[in-house]
Amino acid sequence: MSEERTVTEADLQAYADGRLAEARLAEVEQWLAARPEEAERVTAYRQLGDELHGVYAAVLDEPVPQRLERAARRRWRWRTAAAAAGLVALGGLIGVLGDRALHEWRAPAPAPEAASFVRRAVVAHATYAPEVRHPVEVGADQEAHLVAWLSKRLGAPVRAPKLESVGYNLVGGRLLPGDGSPTAQFMYQCQYGTRVTLYLRTDAASNRETAFRYAREGNVRVFYWVDRKLGYALSSSDISKEDLNKVANAVYQQLNP
Amino acid sequence: MSDAERLVELIPRLRRYARALVGDRASADDLVQDTLERAWAKLHLYSRGTDLRAWLFTVMHNVHVNKLRASRATDPLEDEMPELAQRAPQGDALLVRDLERAIGRLPSEQREVLLLVTLEEMSYDEAARTLDIPIGTVMSRLSRAREKLRAMMTGQAAAKLKVVK
């Protein structure tokens, strides 16, 4: 028998968690033996802990949603993709340029006309990017035909940029209605199934260039810009703004070699 | 093993904790996704060789607190999670729903401590470092969380008995 040291609330918590050192355990048990109400309380704590485990155990066995697996692998993909293309050193520079473009633009809300363009790009992305069986009208296996066809319908030479350097492959494209004239969408996919779409329209009103502009609608992020006769909007609902910015830079550089 | 593979391996643990923390599945998975994205953005702050799991829980805690703050800015009452969807409870399901609800009614900071210690089985010291609070605060929050939970669960039992009478 030892002299009874004061048993603290922290001791009782540790007792409920089964974390008391053996010597102390005996003392606390002795203390509890004389206090049935306290004993009942810590027993209830223990039981609640067990029940808590039981309630949430099933989550561990649930299949992991794709979006989470993609999020876990994201940066690794970027790093390897960039390294493969020897772009690591360039990355910083591109980032700076992208940031500058963003700064330059931090101006008024998009003009109504641009807002409608972004809106259409977002709707087109949200409609077709999740599509499993028919994501595109014409597949990448007929790229020459796809590009010729869209160029003809849009009334301007259109190109599908090659984005392998940032980890994305062309899936294909489709023709879409726009405000008064047809628009087009190219779809790209990375090896984990993440998709980005590039939405295009002819911007006959002006022969100008703008910096990248950024918008977000719901969970869809968009970079959009005008380059000579064409307006572009690059959308994604799965990748971060920074990653999307990198893809936008790659698109821009492909189209302006 | 690459960082990505280790992260993927930890997803089920993060999801379980997030589910208990915020209640519904979609919001919980949103929290996990935001956590993973933030983890990548902050990976340079992670010191190699230390416990990646504990570090991720710290990241999740920060993301969660920021989200709470943002939602409080719009709705000052948004401290507790919304009522969970009503299902027809039977047998164990009744306990599950009651316990989930009771956990949802705990103040967020007490809920976090309780879940890290009981569900994640972190030591008090690990929980303190994860949440960046003193160990004494861990102990007092744990004690308060448990007592509230017990009161809620036994209160419910008492209420049911009364109805039966």
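The values are calculated or read from the model by the stated rules, or taken from the named source; none is laboratory data. All of these numbers come straight from a predicted model, not from anything done at the bench. Note that each Cβ is placed from the backbone with ideal geometry, even for glycine, and that neighbours are counted across all protein chains shown.
Within region A:1-17, count every residue that is at the interface with chain B (Cβ under 10 Å from one of its Cβ atoms) and surrounded by fewer than 18 Cβ atoms within 10 Å (Cβ to Cβ).
Adding up the residues that qualify gives 3.
Would you check if B:THR154 is surrounded by fewer than 18 Cβ atoms within 10 Å (Cβ to Cβ) and either assigned by TED's automatic domain parsing to the domain that holds B:THR50 or modelled with pLDDT of 95 or more (or both)?
Judged against the criteria, B:THR154 is not a match.
In region B:45-74, what residues are over 19 Å from B:ASP132 (Cα atoms) and either assigned to a helix (DSSP H, G or I) or in contact with a Cys (Cβ under 8 Å, 6 or more places away or on another chain) (or both)?
Within region B:45-74, B:ALA70, B:SER71, B:ARG72, B:ALA73, B:THR74 qualify.
Out of A:ASP141, A:ASP227, A:ASP179, report the one residue that is surrounded by 14 or more Cβ atoms within 10 Å (Cβ to Cβ) and among the acidic types (Asp, Glu).
A:ASP227
When only residues in region A:166-176 that are among the small types (Gly, Ala, Ser) and closer than 15 Å to A:ALA129 by Cβ count, which is surrounded by the most Cβ atoms within 10 Å (Cβ to Cβ)?
A:GLY173
Would you please name the residue that is surrounded by the fewest Cβ atoms within 10 Å (Cβ to Cβ), looking only at residues in region A:230-254 that are in a strand (DSSP E or B) and small (Gly, Ala, Ser)?
Among those that are in a strand (DSSP E or B) and small (Gly, Ala, Ser), it is A:SER236.
Of all residues in region B:108-125 being away from every other protein chain (no Cβ under 12 Å) and modelled with pLDDT under 95, which is nearest to A:LEU20 (Cα to Cα)?
Taking the candidates together, the pick is B:GLU109.
For region A:182-199, give me the residue count where each residue is over 15 Å from A:LEU244 (Cβ atoms) and surrounded by fewer than 22 Cβ atoms within 10 Å (Cβ to Cβ).
So the answer is 4.
Mind checking which residues of region A:231-250 are in contact with a helix residue (DSSP H, G or I) (Cβ under 9 Å, 6 or more places away or on another chain), within 13 Å of A:ALA121 (Cβ to Cβ) and among the aliphatic types (A, V, I, L, M)?
A:ALA233, A:LEU234, A:ALA248
Restricting attention to region B:108-151, report how many residues are outside any helix (DSSP H, G or I) and closer than 13 Å to A:LEU48 by Cα.
Total meeting the criteria: 0.
From the set of residues in region B:11-26 that are touching a residue at least 40 places away in the same chain (Cβ under 8 Å) and surrounded by fewer than 18 Cβ atoms within 10 Å (Cβ to Cβ), which is nearest to the other protein chains (Cβ to nearest Cβ)?
B:ARG13
Residues checked against (1) surrounded by 15 or more Cβ atoms within 10 Å (Cβ to Cβ); (2) within 14 Å of chain B (Cβ to nearest Cβ):
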residue	(1), (2)
A:ALA21	no, yes
A:LEU25	yes, no
A:ALA33	no, no
A:GLU37	no, yes
A:LEU48	yes, yes
A:VAL59	yes, yes
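Tell me, which helices (runs of 4 or more DSSP H) lie completely within region A:11-96 with 1 or more residues that are modelled with pLDDT of 90 or more and farther than 30 Å from B:ASP24 by Cβ?
A:22-33, A:36-61
Considering each of B:LEU31, B:LEU43, B:LEU77 in turn, give the residue that is at pLDDT below 85 and within 14 Å of chain A (Cβ to nearest Cβ).
The match here is B:LEU43.
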